[in-house]
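Working notes for the structure below.
The values are calculated or read from the model by the stated rules, or taken from the named source; none is laboratory data. Keep in mind it's a predicted model, so treat the numbers as computed, not measured. Note: ideal-geometry Cβ built from the backbone for every residue, glycine included; neighbour counts use all protein chains shown.
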Amino acid sequence: MNQPGAVAAPAANNLESLLAVLDRSRPLLVQAHDNPDHDAVGAAFALAVLLARRGFRPALGYGGTIQSISLTAMIDRLGIDIFPIDDLTSGNARWQTIAVDGSPAVGTMRECAGELVAVVDHHPAKVALAYPFADVRIDVGSCCAIVWTYWRDSGETPDRMTATALLAGIQLDTDFLSRRVSPTDLEAHYRLFPLGDSELTREVVRTSLSVEQLGEIARAIGSARVAGDVLLAEVKGDYSSELLSVLADFLLRLREITFVVVVEVRGRECHLSARTRDREVDAGRAVKAALDGIGSGGGHPHMAGGTIPASRYPGARRFLRRIADAVAASRRTYEPNN
């Protein structure tokens, strides 16, 4: 990846500011964050559709793998052409890349295919974003809602499939408008609802689990480890990301627990999902700190994720201590006005 230039603060019309940094003579890639979810894919897809209306021919890509059964269904049902970045870097294309719902600065992208010229995101960055264009709104609950504002400002109306993809991302990241909802999310959902397919949205956002997973769910709950108000559960099977998130949400209901991490410990990489209901703890920063030196990850103040190479996973007892220490450090540095 080429070294990025200086940040150009987005103007009132973010779409026009974005267009100003793009080169029509170069191939364009819209890249979702690694191991993408519905919000990342929906936002990347909707932005690519809008840019296509402005004369570009953008490709869609992602790093890592698509681990979600319901996201796979969404991609299939909506006919979204999105490819692993390894498939897109095998040729000679000199991509100019727009990172959507993440960036290397946040820790949710290990690499970008080509030169990163723009970031559209709602995750807090750990370092200054030095790209020609950066639109990061950490107060907005979903990246799809941010991309919707580009449609609104353009005067364009999204087609039914694009509106459905945006709705799916908003509903997933805000837990059906019940978590970390901003006025932008509410307005976007209100405007998009009559344009999209609400039944299809509900279908593709609905978590997909299997009866075969019940035994592993029981084992994970039964063997969970606790340190103070922090809980760690291991899933020792090769399962979709839905199982991790469902377990994390469920275990956070325990009244003595305020921070939960669920880790999948089978395969070449260990994937994890984290949740907190402690306002003094930033889950994204805590996970990033806990993974320092052994993996990578981050996310929002209330939810986060990450990966650890299997060879570096320290085991449940030691990893729980790393998490507990990171949570304690987050509390010590808590500032109410952040």
Q: Run down Arg255, Arg225, Arg266, Arg285 and say which single residue is farther than 29 Å from Arg110 by Cβ and surrounded by fewer than 23 Cβ atoms within 10 Å (Cβ to Cβ).
A: Arg255
Q. Can you name every residue in segment 162-206 that is exposed (fewer than 15 other Cβ atoms within 10 Å of the Cβ), basic (Lys, Arg) and assigned to a loop (DSSP other than H, G, I, E, B)?
A. Arg179, Arg206
**Q.** In segment 301-311, residue nearest to Gly107 (Cα to Cα) [restricted to those that are surrounded by 16 or more Cβ atoms within 10 Å (Cβ to Cβ) and among the aliphatic types (A, V, I, L, M)]
**A.** Ala304
Q) In segment 312-332, which residue that is modelled with pLDDT of 95 or more, of a type in the set (D, E, K, R) and surrounded by fewer than 16 Cβ atoms within 10 Å (Cβ to Cβ) is farthest from Arg277 (Cα to Cα)? A) Arg312
Q: Residue by residue through segment 191-216, note down the ones that are more than 21 Å from the chain's Cα centre (by Cα) and at pLDDT below 90.
A: Ser210, Val211, Glu212, Gln213, Leu214, Gly215, Glu216
Q) Which strands (runs of 3 or more DSSP E) does segment 51-134 wholly contain that include 2 or more residues that are surrounded by 21 or more Cβ atoms within 10 Å (Cβ to Cβ), touching a residue at least 40 places away in the same chain (Cβ under 8 Å) and assigned by TED's automatic domain parsing to the domain that holds Arg160? A) 96-100, 115-121
